[in-house]
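Chemist: After the C-alpha cells below, expect a handful of questions from me.
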Amino acid sequence: KNALEQSTLVLSFDHSDVSVKNMMEFRRAMKDDTEVMVVKNTLVRRAASETEGWDGLGEVATGTNTWIFVRDDFKSAIKPFKELQKELKAREIERDFNAGLLEGQKLSPQQLKTVEDLPSKADLIATIARLINQPASKLAFAVKAVPGKVGYAAEALRKKADETQAGTLADLQ
C-alpha cells in the first residue's frame, strides 16, 4: 500500500519463465525511485481498494505478475524492462507489460508506448535549465556587442569626416 501511495506509474508483467538471475539483474538495474515487487494479487487488490485513485489496479491483478511501482522517472524504470525483454526474446520468450496505470488511470497499449517515449526527469531538468539560461546568454552577448558596435560606428563616422574634410581642403588649394 505504501509503494502504491508514493507511485505515479504502476506497471505489471508476467514473470513466469523469467529466471531468478534475470529477475535479480532486473531489480538491480532499477533506480532508487522505483520498486519491483512480486506480490499476491489479493494483496494488490486490497491495497488498490484502500488507496484513493487506484481502484483500476484491482481489475488487472490476475495471473503471475511482477509489479513495478515508479515514483518519478518513468524512462529509467522502463529501460531495464526493455533489456529484460531482449534477454527473454533470445530464449524465444515474448514478454510485454500486462497493464499500466498512470496516476490510477488505465493505459492502453498505445498510451504505454507514449509513456515509454517520454523524456526522463533528468532530461527535462537539463532542458529547463538550458531554456532558462538561453535568454541570459543572449542578453549578455547583446550587451557585450553594443559597445563594440558603437565603437565601430564612431570609427566609421570619424573616417568619413576625415575623408570629407580632406576633400574640402584639397578643393580650397
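The values are calculated or read from the model by the stated rules, or taken from the named source; none is laboratory data. Here the structure is a predicted model, which is why all the values come from computation and not from measurement. Counting neighbours? That spans all protein chains shown, and the Cβs are built from the backbone with ideal geometry, glycine included. Note: accessible area is taken over every heavy atom of the protein model, side chains too, but ligands, DNA and RNA are not part of it. Shrake-Rupley method; radii C 1.70, N 1.55, O 1.52, S 1.80 Å.
Chemist: Six or more apart or on different chains, Cβ under 8 Å: which pairs go from a residue in the stretch 101-112 that's at positive phi to one that's part of a strand (DSSP E or B) and open to solvent by less than 30 Å² (accessible area, probe 1.4 Å)? Could you list them?
Modeler: Taking only residues 6 or more apart or on different chains, the pairs are E103/L9.
Chemist: Hey, Q105 hits all of (1) within 25 Å of S16 (Cβ to Cβ); (2) polar (S, T, N, Q); (3) surrounded by fewer than 12 Cβ atoms within 10 Å (Cβ to Cβ) but one; which does it fall short on?
Modeler: (1)
Chemist: Here are R28, R71: which of them is within 26 Å of L124 (Cα to Cα), open to solvent by 20 Å² or more (accessible area, probe 1.4 Å), of a type outside the set (F, W, Y) and touching a residue at least 60 places away in the same chain (Cβ under 8 Å)? Please lay out each step first, then the result.
Modeler: Values: R28 fails: touching a residue at least 60 places away in the same chain (Cβ under 8 Å).
After applying the criteria, what remains is R71.
Chemist: Right, next: Are any residues in the stretch 59-104 in contact with a Pro (Cβ under 8 Å, 6 or more places away or on another chain) and under 19 Å from R46 (Cα atoms), and if so, which ones?
Modeler: Residues satisfying the conditions do not exist here.
Chemist: Assess whether K89 counts as being surrounded by 11 or more Cβ atoms within 10 Å (Cβ to Cβ), among the basic types (K, R) and at pLDDT below 80.
Modeler: no
Chemist: Exactly one of these conditions fails for N65: (1) of a type outside the set (A, V, I, L, M); (2) at pLDDT 85 or above; (3) closer than 29 Å to I125 by Cβ; (4) crowded, with 18+ Cβ neighbours inside 10 Å. Give me its number.
Modeler: Evaluating N65 over (1) of a type outside the set (A, V, I, L, M); (2) at pLDDT 85 or above; (3) closer than 29 Å to I125 by Cβ; (4) crowded, with 18+ Cβ neighbours inside 10 Å leaves (3) as the failure.
Chemist: A further question on this structure: In the stretch 1-25, which residue that is assigned to a loop (DSSP other than H, G, I, E, B) and in contact (Cβ under 8 Å) with a residue 60 or more places away in the chain is nearest to Q85 (Cα to Cα)? Show your work before the answer.
Modeler: We begin by selecting, within the stretch 1-25, every residue assigned to a loop (DSSP other than H, G, I, E, B); these are 1, 7-8, 15-19.
Remaining after also requiring in contact (Cβ under 8 Å) with a residue 60 or more places away in the chain: 7-8, 17-18.
Values: S7: 23, T8: 23, D17: 12, V18: 10 Å.
The qualifying residue nearest to Q85 (Cα to Cα) is V18.
Chemist: Residue by residue through the stretch 31-62, note down the ones that are surrounded by fewer than 17 Cβ atoms within 10 Å (Cβ to Cβ), among the β-branched types (V, I, T) and assigned to a helix (DSSP H, G or I).
Modeler: T42
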